1. Among the residues of the range 99-120, which ones are within 21 Å of Tyr140 (Cα to Cα) and either free of Cβ contacts under 8 Å to residues at least 60 places away in the same chain or not charged (D, E, K, R) (or both)?
2. Please state which of the following conditions Gly89 fails to meet, knowing it meets all the rest: (1) modelled with pLDDT of 90 or more; (2) part of a loop (DSSP other than H, G, I, E, B); (3) crowded, with 17+ Cβ neighbours inside 10 Å.
3. Any chance you could count how many residues in the range 170-204 are surrounded by 12 or more Cβ atoms within 10 Å (Cβ to Cβ) and hydroxyl-bearing (Ser, Thr, Tyr)?
4. Confirm whether Ile81 is modelled with pLDDT of 70 or more, under 16 Å from Val189 (Cβ atoms), among the aliphatic types (A, V, I, L, M) and out of contact with any Leu (no Cβ under 8 Å at 6 or more places or on another chain).
5. How many of the residues making up the range 157-169 are surrounded by fewer than 16 Cβ atoms within 10 Å (Cβ to Cβ) and not in a helix (DSSP H, G or I)?
Amino acid sequence: MIDSQRLRAWMLCTVIACGVMACASQQEPARKAATGSSPALMNVGGHRIEIEKPAFAFSKSSGRLNGWLGYALVRRVWVDIKFRQQFPGETAYRYSFEEELDAREGASKIWSELKSKDHFIDPYFDDLHQIDDAGFFREYVWYCVPHPDWSQPAGLQQSAFSQWMSAHLPEHQVETWVAVVPGSAGQRVILGVQPHRPVKCQLAPAEQLPPGPQ
């Protein structure tokens with residue numbers, strides 16, 4: 001069983017070692033993706049991350065790439081390992097609330113640690129850090145991240161979260177820069193591709209949120 005603390009420690013070491021794609025120790029010949037871009041393929045700890053060209057547009061100084069790389073790594077581990085551990089009775093992978101919570105928390109914590117060392121600046125991850133500090137990450141993922149059909153977790157503090165967001169982050173836009181899409185050999189985790197446009201957190205019940213692809 002992979003626990004979240006050990007996974008995040010591994011992610012942090014990986015992201016620091018990667019820098020800006022320097023950890024692409026095993027590069028396969030570039031091939032044209034459906035979008036016309038040439039992806040780079042990276043093997044990190046036995047997990048394959050497919051990186052499309054838009055990822056290279058991230059500024060090195062912002063730290064944005066490092067945060068979303070951390071998110072991509074967690075989702076890759078969920079696709080390959082953790083989903084079967086968490087849902088042993090299910091035979092086919094599906095995108096879950098638990099996966100998204102783990103990935104976005106991991107990305108936030110990695111970015112926060114790197115920010116303290118390298119003074120990174122990024123408005124989205126700054127917002128996530130505030131939400132994490134306020135203790136509303138579960139509420140954020142459930143009420144703000146577009147999703148098709150998750151099972152609602154218990155104990156959500158909707159009213160308190162709504163009041164806090166209105167007071168502190170009233171114009172917050174939810175960003176996602178990693179897509180998980182079906183491929184011929186299973187799910188592909190693609191960094192630098194948006195599965196949905198940035199959307200304002202409306203704090204609506206899940207059934208009223210716009211469904212979003214993985």
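The values are calculated or read from the model by the stated rules, or taken from the named source; none is laboratory data. These numbers come from a predicted model, not from an experiment. Heads up, the Cβs are rebuilt from the backbone with ideal geometry, glycines too, and the neighbour counts pull from every protein chain shown.
1. Applying the first criterion (within 21 Å of Tyr140 (Cα to Cα)) to the range 99-120 yields 99-113.
Across the range 99-120, the qualifying residues are Glu99, Glu100, Leu101, Ala103, Arg104, Gly106, Ala107, Ser108, Ile110, Trp111, Ser112.
2. Only one criterion in (1) modelled with pLDDT of 90 or more; (2) part of a loop (DSSP other than H, G, I, E, B); (3) crowded, with 17+ Cβ neighbours inside 10 Å is unmet by Gly89, namely (3).
3. Result for the range 170-204: 1.
4. yes
5. Matching residues across the range 157-169 total 1.
Every residue, every condition in (1) under 16 Å from the mean Cα position of the chain (by Cα); (2) crowded, with 22+ Cβ neighbours inside 10 Å; (3) in a helix (DSSP H, G or I), yes or no:
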residue: Ala107; (1), (2), (3): yes, yes, yes
residue: Lys117; (1), (2), (3): no, no, yes
residue: Tyr124; (1), (2), (3): yes, no, yes
residue: His129; (1), (2), (3): yes, no, yes
residue: Tyr140; (1), (2), (3): yes, yes, yes
residue: His147; (1), (2), (3): yes, no, no
